[in-house]
Amino acid sequence: MALSEKDREAVHTFCVDEYTDFLIYTHLAEREKRDDFKQLLQKMAGQEFKHYEFWKSVSGRDCSLQIPRWKLTLITLSRILFGLTFTIKLLERHEEQVINAYRQFIPKLLPDSAARLSEILKDEELHEKSLVAELNEGVVRYIGFIALGLADAVVEITGVHAGFLGATTKTLVAGVAGLIVGLSAAIAMAAAAYIQARHEGVKNPIPSALATGIAYLVAVVLLAAPYFVTHSNILAFVVSVVLAFALVIAFTFYSSVINESNFKREALESTTVLFATALISYIFGEVLGKIFGLQSIFH
């Protein structure tokens, strides 16, 4: 069956994509220190190379290429900073579209090629997911506890700062209040995470507690920092909220990749909660400030 010019271009694109993935997984495997991760990456690279060879035979054109050095550097940096699970799942986020495109091509191919493409689809849908499932990274095991610490800290400390925005013009007061509340809350959150992990049957719940507490403290210090470098309460609050928003978006994206969930929906929900909390806390602080004359006390 003769392919149209449009289909031939699509086949060439598939071929290039598969060869690109082969090069990326080979690059990661060459730099991987853990033997089990290295073997997994080599398996994935091998699968991608077989897929590349199939599309090359269909295309009849050379699909090999060189990946820009900067792109490989970014992928390596992602592996170092965010872990192998995140990096692989980020690279595989387009798989759903690829699978649908491949499936549409089956009727356009000769029987032998169609049968081979069906096997490739099984690789894409099942085998690669099973390989990724074999990853066992600590950061992924504790992702829920890190999320708990960050999410609670961002919302709570932003609420504290918003409340003081309505109650005082002193940035130092608002900053110290955020640190005090944050430290106390971090200890409480870590203790709650410890108890939760114990109830879930985790043999060593201490890492879970530490992940929650440390994530909380990092967010607290980051959000309180603007209040110690400026004398403008409004400026400090705006910078703090921008940092809070950036934290929410960054971690929501990270967790959406790891959990393969809807990033846009989760980001919208998280930012809505963040700004709603800030608004309510500001109104509450403004009311209390007027009732008890806090503006004059902390002026």
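The values are calculated or read from the model by the stated rules, or taken from the named source; none is laboratory data. Keep in mind the model is a prediction, meaning the values are calculated, not measured. Note that we place each Cβ from the backbone using ideal geometry, even for glycine, and neighbour counts take in every protein chain shown. Side chains are part of the model used for accessible areas, which takes the heavy atoms of the whole protein and leaves out ligands, DNA and RNA. Shrake-Rupley method; radii C 1.70, N 1.55, O 1.52, S 1.80 Å.
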Do we have any residue at all in the stretch 89-98 that's surrounded by 14 or more Cβ atoms within 10 Å (Cβ to Cβ), at pLDDT 80 or above, under 19 Å from Ser261 (Cα atoms) and of a type in the set (Asp, Glu)?
-> yes
Here are Leu217, Leu223: which of them is touching a residue at least 24 places away in the same chain (Cβ under 8 Å), within 17 Å of Lys170 (Cα to Cα) and either open to solvent by less than 70 Å² (accessible area, probe 1.4 Å) or within 25 Å of the chain's Cα centre (by Cα) (or both)?
-> Leu223
Among the residues of the stretch 76-86, is any modelled with pLDDT of 85 or more, of a type in the set (A, V, I, L, M, F, W, C), over 25 Å from the mean Cα position of the chain (by Cα) and under 25 Å from Phe263 (Cβ atoms)?
-> no
With (1) closer than 27 Å to Pro107 by Cβ; (2) assigned to a helix (DSSP H, G or I); (3) open to solvent by less than 40 Å² (accessible area, probe 1.4 Å) as the list, and Thr85 as the residue in question, which single condition is left unmet?
-> (1)
The stretch 37-63, residues that are among the basic types (Lys, Arg), assigned to a helix (DSSP H, G or I) and more than 32 Å from the chain's Cα centre (by Cα) | Lys56
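What's the total number of residues in the stretch 224-260 that are part of a helix (DSSP H, G or I) and either under 28 Å from Thr87 (Cβ atoms) or β-branched (Val, Ile, Thr) (or both)?
Of the residues in the stretch 224-260, 22 are part of a helix (DSSP H, G or I) and either under 28 Å from Thr87 (Cβ atoms) or β-branched (Val, Ile, Thr) (or both).
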Taking the stretch 51-78 only, how many residues are surrounded by 13 or more Cβ atoms within 10 Å (Cβ to Cβ), without any contact (Cβ under 8 Å) to a residue 12 or more places away in the chain and of a type in the set (Lys, Arg)?
-> 1
